[in-house]
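Working notes for the structure below.
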């Protein structure tokens, strides 16, 4: 069964460093998302992406964040200058187009630790 | 604004006994509702979804949920728990005029032998 994959599973970085979290969505999906979950808190929406542009973003998704689909398979989340409060589990999700329903398919997550 | 409230942060059951995980929603329109499950070190997996068709929704692994508009509830049930059901369960609603998902705080299900 096709699934969303994410790399790395765990990333440790120092405050102020740039990180790139990578995702490979399911191959025939065209809508892509990033969510995050700070330890002990709810899963929160960050951004949605369709047709090579951001379709919606939350107030969390400030200028320090960016997303890109650099090729036909990868979908990345970049944090330009990490802060301690960026430590969280980051989930990538994708969904198909058309009338396939609104469910999103999630990857296993990348745990980001900022020290 | 749309939101969901999961009424229990932890639920413990014995194997073979029924499971009930409670979720209430708040929405000013007819929502789409989901239950996702997360096993340790795994991604979020869709259990079932409600999208304004049948109010009783059947999902994978024997789970089902009933949409009750009068009670604004979408509780998840299973007649007989299995050890492999131990996981974190999330009740989720879609936002208005958007496909972003709004998550509840999660319920950790423990299953004892």
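Based only on Cα atoms, what mean projected area does the convex hull of chain B have, in nm²? Show your work: numbers first, answer last.
Values: hull surface 26.8 nm².
The orientation-averaged projected area of the Cα hull of chain B comes to 6.7 nm².
Here B:85, A:63 are placed in order of increasing Cβ neighbour count within 10 Å, fewest first, which gives A:63, B:85.
Across chain A, Cα-Cα pairs more than 18 Å apart make up 46 percent of the total.
Segment B:82-105 and segment B:1-38 have Cα centres spaced 8 Å apart. Listed by Cβ neighbour count within 10 Å, with the fewest neighbours leading, A:110, B:55 appear as B:55, A:110.
If you rank A:12, B:92 by fewest surrounding Cβ atoms within 10 Å, what's the result?
On the way: A:12 13, B:92 24.
With the sparsest Cβ surroundings first, the list reads A:12, B:92.
Taken together, the values in this text are just the output of simple stated rules run on the coordinates, not laboratory data. Not measured: the values here are computed from a predicted model. With ideal geometry, Cβ positions are generated from the backbone for all residues, glycine too; neighbour counts draw on all protein chains shown.
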